[in-house]
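Visitor: Pasting in a structure now, in structure tokens, and then I'll have a few things to ask.
Please treat every number below as a calculation from the coordinates, not as lab data. Computed from a prediction, not measured in an experiment: that's the story for all the values here. Cβ coordinates were reconstructed from backbone atoms using ideal geometry, including for glycine residues, and neighbour counts include every protein chain displayed.
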Amino acid sequence: MPSNNFFGKLTSDALPHVWYTLGGTAFMVLLGAMVALFLTKTNRWSWLWKEWLTSTDPKKIGTMYMLFAALMFFRGMLDALMLWVQQALAAGGQGYLTADHFQQIFTSHGDIMVFFVTMGFFFGLMNWIVPLQIGARDLAYPFLNSLGLWLTVAGGILINLFFVIGGEFANTGWLAITPLSEREFNPGVGVDYLIWSLQLSGLGSLLAGINFLVTIIKKRAPGMTLMRMPLFTWTSLCAMVLIISAFPVLTATTFLLWLDRFFDMHFFVTGFGGNQMMYFNLIWMWGHPEVYILVIPAFGMFSEIVSTFSQKKVAGYVSLVCAAIAITLLSYMVWLHHFFTMGAGANVNAFFGIVTMVIAIPSGVQVFNWILTMYRGRVIFASPMYWFMGFISTFIVGGMAGILLATPPVDYQVHNSLFLVAHFHTMIIGVALFGIFAGTTYWFPKIFGFTLNERLGKRAFWFWLIGFYVSFVPLYLLGMMGATRRLDHYDAATGWQPLFITSCIGFFFIASGVITQIIQLVVSIKERKKHLDKTGDPWNARGLEWSTSSPPPFYNFALIPTVTSRDAFWQMKQKHSSPKRLYKDIHMPKNTPMGIYIAGAAFVFGFAIVWQILWLSLLAALCVIALIIKLSCNEETEYVLPAAKVAKMEKLRTHADAK
Amino acid sequence: MQTQSDVKVFGFWVYLMTDLILFCVLFATYIVLCNNTFSGPSARQLFSMQEALTETLLLLVSSFTCSLGMLAVYRKRKVPALLWFLITFCLGVAFLVVELTEFSHFLAAGAGWTRSAFLSAFFTLVGTHGLHISVGLIWMLVALVHIGLRPFTAPSISRIFRMALFWHFLDLVWVFIFTVVYGMGHLQ
């Protein structure tokens with residue numbers, strides 16, 4: 001049961017006192033101080049608050065998601081570096097990390113990369129592009145969008161807070177597997193940090209999922225039927241369906257784990273009739289759909305990119321939509337392939353093995369469609385196309401490895417080995433991350449009004465691709481040779497060290513890629529005058545998002561377009577049609593600080609419950625309820641932009657463009 | 001053309017489905033663990049059908065009065081609306097009182113949530129439903145104040161409608177709890 005102290009389990013021992021927590025704390029304080037100093041010097045506090053933090057504009061919320069995900073990406077990269085160096089050094093000896101510290105690092109690496117980096121980038125891109133693609137001015141629930149962002153950020157802060165207070169993170173692997181994550185084996189706050197960070201960010205993802213689903217279903221422009229939607233919107237819709245049906249399972253499962261830990265319940269413990277394997281089933285019923293939440297949006301982005309840069313319509317639109325839907329449905333039926341070795345029996349394993357292999361069919365359909373889209377197209381090899389070509393190679397390698405793992409007898413040999421680690425990194429880096437980089441390069445000019453530097457973009461791509469293969473091919477080999485995952489040291493006689501060192505060298509290639517991308521961003525901003533996008537359509541592309549200016553006005557479209565076919569903007573360009581400028585009043589959502597307030601209170605609740613400070617968690621929960629009640633009393637959440645003002649603003653804008 | 005209220009109601013339906021999935025997880029957990037009594041009391045020894053039936057009747061009647069309240073809201077008649085929702089609120093409170101009494105009996109008999117995995121699952125499933133009922137009651141209280149102080153507008157009617165949806169949804173979940181937990185427990 002919880003402790004009775006005023007500050008719960010929080011004592012002065014929780015303050016940082018080892019090198020990495022001291023370093024992490026110093027870094028965070030320094031970073032915060034630098035940002036604060038910059039804002040004060042340039043007098044930008046109120047600008048930040050009014051224009052950004054309280055904004056309900058999906059383009060701005062998208063940018064904040066991207067920035068947050070990028071920040072977390074560096075954090076996750078740092079973890080990766082520490083893991084790789086340890087494994088390169090640890091033949092026969094101890095390396096430089098203790099086993100416990102090593103375990104905490106791979107746990108936080110996994111959670112951060114999945115929940116905050118990949119999902120953060122995708123939500124950022126969806127916020128940028130989905131409303132524009134369907135011809136909408138904003139999302140269905142602008143306030144919930146802001147709340148979703150801030151809950152995700154609250155979760156992100158909580159997962160990093162252990163540097164400052166507590167000094168330990170979970171050492172259980174990213175899914176907090178039982179019974180290791182139970183209080184008996186993990187009495188500290190590390191697992192609680194993990195649980196509550198995932199609860200907050202999971203709630204944020206769920207809200208965003210509902211929001212985007214309703215937006216795509218209900219807010220499409222007239223004439224935009226489902227089968228005329230751009231493919232990125234389609235795959236986003238599929239991912240949102242997965243989020244809505246899977247994330248409640250995560251919430252419930254981690255909640256049960258917390259009940260075990262806090263209220264001394266017995267869901268997943270070894271005694272008292274608990275059932276630890278139930279945890280594996282539940283967490284993977286969420287976890288497998290989650291894997292597809294990470295890759296399906298990338299499929300849609302690549303569909304649009306390959307079509308744009310091949311300068312023809314995508315081959316087999318209907319089959320691509322069917323493939324995305326098939327993958328969505330199948331992803332619910334394969335969770336058990338994550339633990340064939342549990343021993344559920346030959347028939348059960350065979351069922352799940354076969355369903356898993358069936359997923360290769362829609363995946364194959366997609367690959368052929370993309371390749372056929374290029375066939376007889378006039379392919380322009382811009383940097384998004386480079387990412388696309390790289391992705392085709394990694395997707396095929398990763399998919400083949402997946403088929404191998406889906407075969408239960410093979411899986412028994414390579415289960416929990418580095419072969420598996422190499423497989424899912426091939427999917428998450430080679431599909432999700434490459435998709436994110438391609439999509440960001442492709443849509444960046446739409447949001448910021450200038451294109452990114454192509455030469456540096458291509459250079460970054462080569463660093464990434466080479467680095468990826470140098471890092472992960474050795475891991476496939478090591479897995480085949482019997483190296484299990486999560487090894488903090490191994491016997492020198494295994495002869496594995498050269499491969500581990502090669503893998504570590506690959507990291508430095510990838511890191512060079514990341515540095516090149518940062519330079520690319522800086523150089524592009526400096527040279528933005530040279531690369532301004534004045535037409536709103538820098539790639540001669542096809543979707544509605546390119547029919548408005550770059551960057552779009554805050555209301556996206558002065559006139560909601562009417563859609564008559566797929567590739568709506570392409571058709572408009574062919575017909576040279578420009579709609580009559582009869583402006584109407586525009587209803588826009590007001591900015592609101594409530595999202596940040598509620599997420600703030602939820603963060604305090606999470607922190608208090610991690611440390612079992614009961615009065616504070618009660619207070620924070622009451623705050624959340626009070627804020628929601630206050631919110632419900634405010635019925636004036638929108639304002640009207642009169643038609644005359646829209647006409648004036650449009651005139652000014654087009655005039656400025658013509659200049 | 002869709003109004004903003006239609007969009008909100010649709011989104012609320014989607015939210016209810018996510019909540020339903022959450023309950024599905026708890027139901028599945030309960031079904032897996034309901035025989036793991038670890039030589040503690042079993043469902044048959046513990047549950048009294050009288051209490052469960054009382055709770056069921058209270059909730060079912062509250063759903064009925066909630067609908068009557070909703071009808072009054074559609075006719076924009078304040079006093080009947082206030083009255084019916086107040087009755088619904090009282091029935092909800094009565095439900096919670098009976099439930100908490102039942103819980104305290106179990107605790108007094110040494111059948112707390114720490115006794116066995118079966119009891120952990122029972123308290124979690126039924127308790128989560130009770131927590132939802134509490135949230136529904138707070139919402140109803142706020143709605144009562146809103147109805148009393150403000151005129152009926154399209155957004156406010158939509159908001160009360162969503163509250164009523166939530167209440168009926170909880171009733172539905174309870175029907176399953178009654179069947180799966182109490183009914184099947186009695187038949188063991």
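Visitor: In degrees from 0 to 90, rounded to the nearest 10, what is the angle of the helix A:594-610 Cα long axis to the longest principal axis of chain A?
Guide: Once rounded, one gets 0 degrees.
Visitor: Taking the Cα centre of each part, how many Å lie between the stretch B:127-169 and the stretch A:589-659?
Guide: 22
Visitor: As an exercise, identify the trypsin sites (Lys or Arg not before Pro) in the stretch A:375-456 lying in DSSP coil whose Cβ has no more than 16 other Cβ atoms within 10 Å. Present the calculation step by step, with values, prior to reporting the outcome.
Guide: Details: sites: A:376, A:378, A:446, A:455; in loops: A:376, A:378.
Qualifying residues, ordered by number: A:376, A:378.
Visitor: Only Cα pairs under 8 Å and at least 6 apart count here; give the relative contact order of chain A as a rounded whole percent.
Guide: Details: 1040 pairs, mean separation 120.4, N = 659.
Averaging sequence separation for qualifying contacts and normalising by length gives 18 percent for chain A.
Visitor: Within straight cross-link reach of residue A:446, meaning Cα distance under 12 Å, which aspartates and glutamates are found once same-chain residues fewer than 8 apart are removed?
Guide: Of all the aspartates and glutamates, those that pass the test against residue A:446 - Cα under 12 Å, at least 8 places apart if same chain - are A:533, A:537, A:545.
Visitor: Which whole-Hz ³J(HN,Hα) couplings does the stretch A:429-443 yield from phi under the Karplus relation 6.51 cos²θ - 1.76 cosθ + 1.60, θ = phi - 60°, glycine and proline marked x?
Guide: Listing the rounded values in order: 7, x, 10, 5, 5, 4, x, 4, 5, 4, x, 5, 4, 5, 9 Hz.
Visitor: Relative contact order of chain B, please, whole-number percent, based on alpha carbon pairs below 8 angstrom and at least 6 residues apart.
Guide: Values: 162 pairs, mean separation 66.0, N = 188.
It rounds to 35 percent for chain B.
Visitor: Now, a different point. Could you tell me the center-to-center distance, by alpha carbons, between the stretch A:193-258 and the stretch A:450-467 in angstrom?
Guide: 31
Visitor: Sticking with this structure for a sec: Could you name the aspartates and glutamates whose alpha carbon sits less than 15 Å from that of residue A:645, not counting residues in the same chain fewer than 8 places away?
Guide: Of all the aspartates and glutamates, those that pass the test against residue A:645 - Cα under 15 Å, at least 8 places apart if same chain - are A:585.
Visitor: Under a straight-distance cross-link criterion of Cα-Cα below 17 Å, which lysines are reachable from residue A:219, leaving out those fewer than 8 residues away in the same chain?
Guide: Candidates past the 8-residue exclusion: A:59, B:8.
Visitor: A follow-up question, please. Using alpha carbon centroids, what distance separates the stretch A:23-89 and the stretch A:501-567, in Å?
Guide: Comparing the Cα centres of the stretch A:23-89 and the stretch A:501-567, I get a distance of 21 Å.
Visitor: Ignore the peptide's own chain and count Cβ atoms of other chains within 10 Å of each Cβ in B:24-32; give me the average, rounded.
Guide: Values: counts 3, 11, 3, 0, 6, 10, 0, 0, 6.
Mean shielding by partner chains, rounded to a whole number: 4.
Visitor: DSSP loop chymotrypsin sites (Phe, Trp or Tyr not before Pro) in the stretch A:1-75 with at most 10 other Cβ atoms within 10 Å of their Cβ, which ones? Don't skip to the answer; put the middle values down first.
Guide: Details: sites: A:6, A:7, A:19, A:20, A:27, A:38, A:45, A:47, A:49, A:52, A:65, A:68, A:73, A:74; in loops: A:6, A:7.
Sparse-neighbourhood loop chymotrypsin sites (Phe, Trp or Tyr not before Pro): A:6.
Visitor: Still on this structure: Which peptide among B:46-54, A:382-390 comes first, and what is the full order, when sorted by highest mean count of other Cβ atoms within 10 Å?
Guide: A:382-390, B:46-54
Visitor: Please report, to two decimal places, log10 I(q)/I(0) for chain A at q = 0.05, 0.09, 0.10 Å⁻¹ as given by the Debye formula with identical point scatterers on the Cα atoms and no solvent.
Guide: -0.23, -0.78, -0.97
Visitor: Which angle from 0 to 90°, rounded to the nearest 10, does the C-alpha axis of helix A:231-262 make with the longest principal axis of chain A?
Guide: For helix A:231-262, the angle is close to 30 degrees.
Visitor: Enter the angle in degrees (range 0 to 90, nearest 10) between the Cα long axis of helix A:190-218 and the first principal axis of the Cα atoms of chain A, meaning the one along which they spread out most.
Guide: Approximately 30 degrees, to the nearest 10.
Visitor: Whole number please: convex hull volume per residue of the Cα set in the stretch A:166-217, in Å³? Working shown, then result.
Guide: Numbers: hull volume 4.2 nm³, N = 52.
With only Cα atoms used, the stretch A:166-217 gives 80 Å³ per residue.
Visitor: In the stretch B:1-43, which chymotrypsin sites (Phe, Trp or Tyr not before Pro) are in a loop and have at most 16 other Cβ atoms within 10 Å, using DSSP for the loop call? Please list the in-between numbers first.
Guide: Numbers: sites: B:10, B:12, B:13, B:15, B:23, B:27, B:30, B:38; in loops: B:38.
Qualifying residues, ordered by number: B:38.
Visitor: Which whole number gives the average count of other chain Cβ atoms within 10 Å of the Cβ atoms across peptide A:262-270? Provide the component values of the computation, followed by the final result.
Guide: Working: counts 0, 6, 4, 11, 12, 7, 3, 2, 0.
For peptide A:262-270, the averaged partner shielding equals 5.
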